[in-house]
Amino acid sequence: MLKQYAAKRHFEKTREPKPEGGKPGVGPLTFVVQKHAASHLHYDFRLELEGVLVSWAVPKGPSLNPHERRLAMKVEDHPLDYGGFEGTIPKGEYGGGEVMIWDRGEYFTEKAEGTREAQETELRRQLERGKMEILLDGEKLKGGWVVLHTDANRWLLIKRHDEFARDEDVTKEDRSVLTGKRITDIDE
């Protein structure tokens, strides 16, 4: 399941988590958004699902404005441990640059009730159909969101109209929710 992830990395050179040894999560499903200063600054939006982090690169970062549809490029799944990774990927390695945990929290879909298994079954169905309707409960991102497939690996990340929608630029909140550091202060 994580073969693409492993094939792109040299774990003797990077501190990124290895794909082996990960355990499926327990309790509520989690999400993480990592600000990533690679060749181009972007935000990696990751949703825990069936033992991995399903991932999209969002070039402009999330928007709290429901009228702004943000491009989200589907990338390879990542191990669950990646959700806690903050640090520097060495230059010359895939994704070389600083990674900061910009936001994190729990998520679910209102389309399924009950157990984690029921949530994951419904979320997998939504992912395969190309329209995920989720509720985020993070430190910066809250409320309803849609992750919508358009074509190939292109998706859109869209904020729903709710009490958490607003016009201000949430990406100006530029500190790590893990360490309080800015991306320019991230070290090895």
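Just one of the numbered conditions (1) within 29 Å of Glu16 (Cα to Cα); (2) out of contact with any Gly (no Cβ under 7 Å at 6 or more places or on another chain) is not true of Thr171; which one?
(2)
Scan the range 45-58 residue by residue and report those that are closer than 28 Å to Thr115 by Cβ and in a strand (DSSP E or B).
Hits for the range 45-58 are Phe45, Arg46, Leu47, Glu48, Leu49, Val52, Leu53, Val54, Ser55, Trp56.
Checking Thr184 against (1) at pLDDT 95 or above; (2) over 20 Å from Thr30 (Cα atoms); (3) outside any strand (DSSP E or B): exactly one of these is not met. Which one?
(1)
Report yes if some residue within the range 115-133 is of a type in the set (A, V, I, L, M, F, W, C), outside any strand (DSSP E or B), at pLDDT 95 or above and in contact with a helix residue (DSSP H, G or I) (Cβ under 9 Å, 6 or more places away or on another chain); otherwise report no.
Scanning the range 115-133, I find no residue that is of a type in the set (A, V, I, L, M, F, W, C), outside any strand (DSSP E or B), at pLDDT 95 or above and in contact with a helix residue (DSSP H, G or I) (Cβ under 9 Å, 6 or more places away or on another chain), so the answer is no.
Inside the range 59-100, can you point out the residues that are under 16 Å from the mean Cα position of the chain (by Cα), part of a strand (DSSP E or B) and farther than 15 Å from Ser176 by Cα?
Arg70, Leu71, Ala72, Met73, Lys74, Val75, Glu76, Asp77, His78, Pro79, listed by residue number.
Picking from Phe31, Phe11, which residue would you name as being within 22 Å of Glu98 (Cβ to Cβ), among the hydrophobic types (A, V, I, L, M, F, W, C) and modelled with pLDDT under 95?
Phe11
Just one of the numbered conditions (1) buried (at least 19 other Cβ atoms within 10 Å of the Cβ); (2) closer than 15 Å to Thr30 by Cα is not true of Trp155; which one?
Of everything listed in (1) buried (at least 19 other Cβ atoms within 10 Å of the Cβ); (2) closer than 15 Å to Thr30 by Cα, Trp155 misses just condition (2).
Looking at Asp162, is it surrounded by fewer than 12 Cβ atoms within 10 Å (Cβ to Cβ) and out of contact with any Ser or Thr (no Cβ under 9 Å at 6 or more places or on another chain)?
no
I'd like the full set of residues that are crowded, with 18+ Cβ neighbours inside 10 Å and without any contact (Cβ under 8 Å) to a residue 40 or more places away in the chain, limited to the range 58-111.
Selection gives Thr109 alone.
Glu168: touching a Lys or Arg at 6+ places or on another chain (Cβ under 9 Å) and of a type in the set (Asp, Glu), yes or no?
no
Would you pick out the residues in the range 19-44 that are in a loop (DSSP other than H, G, I, E, B), crowded, with 16+ Cβ neighbours inside 10 Å and of a type outside the set (Gly, Ala, Ser)?
Result: Pro19, single match.
Scan the range 153-174 residue by residue and report those that are within 25 Å of Gly87 (Cβ to Cβ) and either free of Cβ contacts under 8 Å to residues at least 12 places away in the same chain or touching a Leu at 6+ places or on another chain (Cβ under 9 Å) (or both). Give the derivation first.
Here is the first cut: in the range 153-174, the ones within 25 Å of Gly87 (Cβ to Cβ) are 157, 170-174.
Across the range 153-174, the qualifying residues are Leu157, Val170, Lys172.
Name the single residue, out of those in the range 101-152 being hydroxyl-bearing (Ser, Thr, Tyr) and closer than 16 Å to Leu49 by Cα, that is nearest to the chain's Cα centre (by Cα).
Checked the range 101-152; the qualifying residue nearest to the chain's Cα centre (by Cα) is Tyr107.
The values are calculated or read from the model by the stated rules, or taken from the named source; none is laboratory data. What you see is a predicted model, and the numbers here were worked out from it, not measured in a lab. No Cβ is skipped: glycine too gets one built from the backbone with ideal geometry, and neighbour counts run over all protein chains shown.
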